[in-house]
Every structure is written in structure tokens, then in C-alpha cells.
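The values are calculated or read from the model by the stated rules, or taken from the named source; none is laboratory data. Computed from a predicted structure; not experimentally measured. Positions of Cβ are generated from backbone atoms using ideal geometry, with glycine treated the same way; all protein chains shown enter the neighbour counts. Note: areas computed on protein heavy atoms with side chains; ligands, DNA, RNA excluded. Shrake-Rupley method; radii C 1.70, N 1.55, O 1.52, S 1.80 Å.
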Amino acid sequence: MTGNNGPFVEVISAEALASRARELGKQLTEEYRDREPVFVGVLHGSLPFLSDLIRQVETPLDVDFLALSRFGEGGKVRIAMDTEISLEGRHVVIVEDIVDTGLTLSYLRRLLETRDVASLATVTLLDKAPRRIVEVPLEYRGFEVGDEFLLGYGLDWEGQYRNLRSIWVVLDLASLQSDSASLGEKVFRAHGDNLTT
Ligand code: 5GP
């Protein structure tokens, strides 16, 4: 842990995130050299990670996005916004913020496999491995995390906090649910304190 500020604790610093993106970028450069991959960011959570990661990959690539919406039981997803680029025959790298139960990624992989891609791999910033309920291939991951609710660097609470530069654990989820405005102020104050120390 890198900081402690009441109900929020910083668990992955901005420096650690940047350093891991550099390492993953290096690995991906080796793997995808001369294959012109398409990096597909899953909106909205992957945005900061995708942005940092692609700038560490030193080989030509395309970037595109898709958005998912959930429906029904068991974590089923459908594509709410599709990629603009055709993925047929392409080396596709799915970029995720976090894999939790694995249901979302497993549906997404099955959907993309029907598109005659040349290859499919996933890079996730965070792997909540203890919560996995379906086996799903994860070729690259930034950090393994425990069973706690995380915020920041793309991860949201009701659409907010994605703009925190590091990753925070919420120790008191009940308070966040009942008093999201005042806790919101606290996390940004804590975030600011960490930036200046
Ligand atoms: P899965 O289908 O793997 O259970 O769910 C993945 C999705 O759950 C992620 O894309 C993310 O939207 C959400 N999620 C899982 N754990 C967390 C977390 O700790 N914090 C936030 N903000 N979202 C999470």
C-alpha cells in the first residue's frame, strides 16, 4: 500500500502504473513486431491504461474501441458500440481495465472469435483472480489484486473517479453508497495529498 487516507487507500501508485505499462509495452513490442495488431479498448474503463500502454509499444498498430452492455442473468454481454475497423484477419489485442469473475471477457472473446481474427489476446491492467468463476485466457496482466472494490485510473463508481491518476481501494463501500458527494471530496483531497508528497 502506498498511502492511507481514511476510507480510501491508494493501492497502486501512478509511478507503479507507469512502470508496469512500460514493461508490458516492451513485451507486446516483441510479440507483435511486424504483425500490425489492432488494440481494442473496452470502454470506458480501459481508456487511461490503453492510452499509456500504446505509447510504450514500439511497432505500428491500430487502435479502436468497443463498448459492451450487460443483459439477463450470468453476466451476459452484447456489443453496444462496435469497432470501426474490421477485425477479420487481424491480430487483435483486447485491452481491459479489470477482469473480475471473467464473465465479461469470456463473452467478449467468444464474440470476437466468430470474426475470423488472425489471433486474439487480452491485456488487462488488473486481475481479480480470487473472484474468477469462469476460466478465461489472460495473456498479459498488469497486477493481481484481491477482492476489494477499486477506483481510479479508469475504474469508476457510478461513472465517476475514472480521472484519479492512481488506483484506490474503497474501505467503506457503504458510506460511498450513502454519501457519495462528501466521500468524493475526500478521495480527491487524499489524491492531491499523495501527488504532492
Ligand atoms: P467480470 O465480468 O469479470 O466480473 O467484470 C468485469 C467488470 O466489472 C469490469 O470491466 C468492471 O466494470 C467491473 N469491476 C469489477 N471489479 C471492479 C472494481 O473493483 N472496481 C470497479 N470500479 N469496477 C469493477
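Using the heavy atoms of the protein chains and a 1.4 angstrom probe, tell me the accessible area per residue for the chain in square angstrom.
Working: 9930 Å² over 197 residues.
For the chain, the solvent-accessible area averages 50 Å² per residue.
For the residues Ile94, Ile85, Ile12, a GNM of the chain with alpha-carbon springs under 10 Å puts the largest fluctuation on Ile85.
So if I average 1/r over every pair of distinct C-alpha atoms in region 25-135 and take the inverse, what Kirkwood radius in Å does that give? Numbers along the way, then the final one.
Details: mean 1/r = 0.0699 Å⁻¹.
The Cα-based Kirkwood calculation yields 14.3 Å.
Residues whose amide H comes within less than 5 Å of that of Asp62, counting only those at least five positions distant or on another chain, are Val38, Phe39 (H built at 1.01 Å from N in the peptide plane). For region 121-188, the alpha carbon positions stretch 39, 23, 16 Å along the principal axes, listed from largest to smallest.
Computed over the chain with a Gaussian network model linking Cα atoms closer than 10 Å, the most mobile of Arg141, Arg35, Arg110 is Arg110. Evaluated at q = 0.12 Å⁻¹, the base-10 log of the normalised Debye intensity for the chain, with identical point scatterers placed on the Cα atoms, takes the values -0.61. For the chain, the longest principal axis of the Cα atoms and the long axis of helix 180-196 meet at an angle of about 80 degrees.
With +1 on each Lys and Arg Cβ and -1 on each Asp and Glu Cβ, and nothing else charged, work out how big the dipole of region 65-120 is about its Cα centre, in Debye to the nearest 20. Don't skip to the end; give the middle numbers.
Numbers: 7 positive and 9 negative charges, 30 e Å.
For this selection, approximately 140 debye.
Kirkwood Rh over alpha-carbon pairs of region 83-197, then Stokes-Einstein at 25 °C and 0.890 mPa s: what D in µm² s⁻¹, rounded to an integer? Write down the numbers at each step before the final one.
On the way: Rh = 16.0 Å.
After rounding, the answer is 153 µm²/s.
Using a 1.4 angstrom probe on heavy atoms only, work out the carbon and sulfur share of the accessible area of the chain in %. Here it works out to 46 percent.
Quick check on region 43-97: what does the Kirkwood estimate of hydrodynamic radius come out to from the alpha carbon pairs, in Å?
Evaluated on region 43-97, it is 12.9 Å.
When the charge dipole of region 68-128 is built from unit charges on Cβ atoms (+1 for Lys and Arg, -1 for Asp and Glu) and taken about the Cα centre, the candidate among Phe71, Leu120, Gly102 whose Cα reaches farthest toward its positive end is Phe71.
Amide H to amide H distances under 5 Å link Val117 with Gly89, where only residues 5 or more positions off or on other chains count and H is placed in the peptide plane.
Just checking the listed ones, Thr114, Thr83, Thr59: in the Gaussian network model of the chain with Cα springs under 10 Å, the one fluctuating most is Thr114.
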